[in-house]
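J.: Okay, handing you the structure first.
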Amino acid sequence: MKVLVVGGGGREHAVCWKLAQSPKVTELFCAPGNAGIAQLARCVPIKADDVEAMVAWAKENAMDFVMVAPDDPLALGMVDALEAAGIPAFGPRKNAAVIEASKAFSKELMKKYRIPTARYETFADMDAALAYVEQQGAPIVVKADGLALGKGVIVAATVEEAKSAVRAMMEEGRFGRSGATVVIEECMTGPEVTVLAFCDGEHLACMPSSQDHKRAYDGNQGPNTGGMGAISPSPNYTPEIAARCMEEIFLPTVAALKAEGRPFRGVLYFGLMLTPQGPKVVEYNARFGDPETQAVLSLLDSDLMDIFERCAAGTLDQADIRWKEGAACCLVLASGGYPVRYQSGYPISGLEEAGRSANVFHAGTRAGENGEILTAGGRVLGVTALGNTLEQAVSNAYAAAAPISFRDMHFRKDIGRV
Ligand code: AMP
Ligand code: GLY
């Protein structure tokens with residue numbers, strides 16, 4: 001099969017790495033890809049969210065299957081457009097991807113189907129939003145409705161902070177159109193766990209749980225990032241909690257989307273908080289998470305292409321999905337200053353040596369003129385190692401990353417230890 005993967009970060013590198021092992025995949029392409037992906041797939045210089053150009057290229061080059069990884073093209077309906085062009089694709093259609101693209105939609109869905117989540121109200125009127133904040137008190141959480149690159153969430157410790165977040169979103173348009181509607185919700189407490197699940201519209205198959213590390217600095221300090229590292233499985237996710245999540249959250253969500261005429265095919269991302277009252281949904285995403293995917297797919301012992309095909313065809317219940325014992329840890333090596341301001345274009349050394357003991361997935365890299373690998377983004381690499389225990393996986397990831405260096409390299413020292 002000729003297969004195209006859409007995207008170009010660490011998550012897409014992990015997906016390409018796994019697809020390249022499938023006997024079904026004879027030719028692998030990735031758009032736009034990066035310097036690491038280029039070692040496994042032919043990179044095509046089309047932006048991930050250019051739906052028209054992507055579909056035209058896939059048609060012209062007779063792709064047998066397309067895997068759409070990032071949120072933007074899914075929300076724009078890339079899967080719908082591919083299907084209309086007769087190309088089978090992995091990922092939700094636009095009407096199901098809305099579960100990530102609109103927080104107002106996902107909160108309504110949870111309310112209607114009694115799926116546990118934080119209490120909330122949605123506001124299009126600023127004065128009403130400010131009055132609600134006054135009435136509820138702090139701590140309280142203010143969210144911009146649309147996709148705002150994960151930056152549209154303010155966990156406010158005081159009423160004043162919450163009110164200025166509301167004003168920033170609704171009056172100053174800090175998050176563009178995505179802030180015209182805000183969701184204000186109860187502040188939950190407890191450990192956060194991610195569960196990714198393959199879905200075919202009707203059935204779901206959970207992957208091992210995982211845990212992201214969103215803050216930039218050690219001890220969960222500093223600004224939120226796209227993720228500084230991930231472990232899988234999460235030690236907080238016991239079999240009892242997993243069974244409860246399946247019954248109260250996962251199955252009801254898949255059934256709800258189907259009942260609404262929006263069957264979900266692809267990866268459903270459950271961002272959960274294990275609160276004192278039980279597991280609750282923090283957010284849904286309509287795709288593989290990054291960096292969680294780098295850790296989780298490293299544990300997959302089955303043919304990923306076969307799973308993707310079954311998700312698209314509605315036969316996931318017949319899939320044979322096996323996972324390795326043990327644990328995985330993905331350590332992100334970032335550019336100094338990320339996520340605020342950083343330079344790129346610096347040469348990276350030590351990649352080959354690191355690659356002997358771990359998967360070094362590339363997030364933001366490009367090839368220089370002499371074939372050297374240069375930094376090209378905030379998150380640069382995801383060094384992903386396995387171990388018999390979580391502790392071993394963590395120490396293997398740090399040991400594997402030790403030879404890698406580039407100017408101003410920054411990474412957290414406490415992945416898997418907080
Ligand atoms: P989201 O983009 O909705 O996942 O929010 C980003 C982060 O904000 C989450 O990973 C949580 O750490 C935090 N957060 C979001 N909603 C809540 C909530 N209701 N209570 C406490 N923390 C939250
Ligand atoms: N790691 C969080 C996300 O992919 O949204």
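J.: Tell me which residues come under 5 Å, amide H to amide H, from His213 once H is placed; ignore anything under 5 positions away on its chain.
T.: Long-range HN contacts for His213: Met228, Gly229.
J.: With r defined as the distance between the Cβ atoms of Glu247 and Arg341 and R0 fixed at 35 Å, what FRET efficiency is calculated, to the nearest 0.05?
T.: 0.15
J.: If packing is taken as the mean number of other Cβ atoms within 10 Å per residue, what is the order of 277-287, 103-113, 89-99, highest first?
T.: 89-99, 277-287, 103-113
J.: In addition: So which aspartates and glutamates pass the test for Lys163, namely a Cα distance under 18 Å, with those fewer than 8 places away in the same chain ruled out?
T.: Partners within reach: Glu121, Asp125, Asp127, Glu134, Asp145, Glu171, Glu172, Glu185, Glu186.
J.: Structure shown: which of Lys59/Lys107; Lys24/Lys280; Lys111/Lys413; Lys18/Lys280; Lys94/Lys280 lie over 28 Å apart, alpha-carbon to alpha-carbon?
T.: Lys59/Lys107; Lys24/Lys280; Lys111/Lys413; Lys18/Lys280
J.: Moving to a separate point now. Could you grab the relative contact order for segment 87-240? Cα pairs under 8 Å, six or more apart, rounded to a whole percent.
T.: 18 percent
J.: Taking all protein chains together and a probe of 1.4 Å, list Asp306, Asp408 from the most accessible to the least accessible.
T.: Numbers: Asp306 35, Asp408 85 Å².
Per-residue accessible area, sorted high to low, gives Asp408, Asp306.
J.: When only Cα pairs under 8 Å and 6 or more residues apart are kept, what is the percent relative contact order across segment 1-92? Mind dumping the intermediate values first?
T.: Details: 172 pairs, mean separation 27.3, N = 92.
Once normalised by length, the contact order is 30 percent.
J.: Go through 366-375, 71-80 and give me the packing order, highest mean Cβ count within 10 Å leading.
T.: Per-residue mean Cβ counts within 10 Å order the peptides as 71-80, 366-375.
J.: Let me ask something additional. What is the dipole size for segment 240-384, taken about its Cα centre, with +1 at each Lys and Arg Cβ and -1 at each Asp and Glu Cβ, in debye to the nearest 20? Each step should come with its number before you reach the end.
T.: On the way: 13 positive and 18 negative charges, 93 e Å.
Dipole magnitude for segment 240-384 comes out near 440 debye.
J.: What ranking, highest mean first, results for peptides 316-328, 221-233, 20-32 when packing means the other Cβ atoms within 10 Å averaged over each residue? Write out the running numbers ahead of the final one.
T.: On the way: 316-328: 15.3, 221-233: 22.2, 20-32: 17.2.
So the order, starting with the most tightly packed, is 221-233, 20-32, 316-328.
J.: If you average the alpha carbon positions of segment 215-278 and of segment 379-418, how far apart do those two centres end up, in angstrom?
T.: Segment 215-278 and segment 379-418 have Cα centres spaced 23 Å from each other.
J.: Residues in segment 25-51, backbone N under 13 Å from the label point at Ala62 (7 Å along the Cα-to-beta-carbon vector): list them, ranges by number please.
T.: Flagged as within label range: 27.
The values are calculated or read from the model by the stated rules, or taken from the named source; none is laboratory data. Note that the coordinates shown come from a computational prediction; the quantities given were computed from them, not determined experimentally. In this analysis, Cβ positions are derived from the backbone assuming ideal geometry, glycine residues included, and neighbour counts consider all displayed protein chains. Protein only, heavy atoms only, side chains kept; ligands, DNA and RNA dropped before computing areas. Shrake-Rupley method; radii C 1.70, N 1.55, O 1.52, S 1.80 Å.
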